[in-house]
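The values are calculated or read from the model by the stated rules, or taken from the named source; none is laboratory data. All values derive from a computational prediction rather than experimental measurement. Every residue, glycine as well, gets a Cβ built from its backbone with ideal geometry; the counts of neighbours run over all protein chains shown. Keep in mind that these areas ignore ligands, DNA and RNA; they rest on the heavy atoms of the full protein, side chains included. Shrake-Rupley method; radii C 1.70, N 1.55, O 1.52, S 1.80 Å.
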Amino acid sequence: MNADFVNPFIGGLLNVLETMAQTKLTPGKPKRKQSDIAKGDVSGLIGMVGPDVRGSMSITFDESLALTIMERMVGERPEKLDAEVGDMVGEVTNMICGNAKRDLAERGYEFGMATPIVVSGKQHTISHQVDGAKIILPFMCDEGLAHLEICFDK
């Protein structure tokens, strides 16, 4: 997969979490993902369609990290994953994709964004609905792990 597609999503994730939740993530090594099973407890998934490109992106958080992000964004820590945490994950997904969309538009790639879908639970699955390689990138911080998945048909 072209780094031109991947880097805007990495930058979007790092920027959104640092700005909105005062959370600094350390990127790990990207690799191809073969299975649909998520590497965390709650995921936001968003599709993208344009004249020249189709793709999707997901962000998955460990429960501990999702609860910490929620606490840092709204000032209250939920006891467990709930509908409000799901809404926050959906918003974060939308913001990451919006950042990437802006950066990709500057490089000539235009696309529209769908409404994010949020899925949670142990061993939940993420279905990208795009014929292309899935890249997964781990991100670490003291509060837990996040995994960014990107899939494009280019």
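Set side by side, the residues GLU71, GLU91 differ, and just one is within 18 Å of LEU148 (Cα to Cα), modelled with pLDDT of 95 or more and acidic (Asp, Glu), which is GLU91. Checking the structure you have, find out if any residue of segment 26-44 is more than 14 Å from HIS147 (Cβ to Cβ) and touching a helix residue (DSSP H, G or I) at 6+ places or on another chain (Cβ under 7 Å). No, there is no match, as no residue in segment 26-44 is more than 14 Å from HIS147 (Cβ to Cβ) and touching a helix residue (DSSP H, G or I) at 6+ places or on another chain (Cβ under 7 Å). In the set THR68, THR93, THR26, only one residue is open to solvent by 50 Å² or more (accessible area, probe 1.4 Å) and of a type in the set (Ser, Thr, Tyr); that residue is THR26. Within segment 104-135, the only residue that satisfies the criterion of being in a helix (DSSP H, G or I) and buried (at least 19 other Cβ atoms within 10 Å of the Cβ) is LEU104. Every listed requirement among (1) within 20 Å of ASP41 (Cα to Cα); (2) in a helix (DSSP H, G or I); (3) over 12 Å from the mean Cα position of the chain (by Cα) is met by LYS101 save one, (1). Looking only at residues that are in contact with a Phe, Trp or Tyr (Cβ under 8 Å, 6 or more places away or on another chain) and of a type in the set (Val, Ile, Thr) in segment 17-46, which one is nearest to VAL118 (Cα to Cα)? Step by step, filter segment 17-46, then rank; the result is VAL42.
Comparison of LYS80, LYS29, LYS39, LYS24 shows that the only residue that is assigned to a loop (DSSP other than H, G, I, E, B) and in contact with a strand residue (DSSP E or B) (Cβ under 6 Å, 6 or more places away or on another chain) is LYS39. When ARG107, ARG72 are checked against the criterion of being of a type in the set (D, E, K, R) and within 14 Å of GLU143 (Cβ to Cβ), a single residue qualifies: ARG72.
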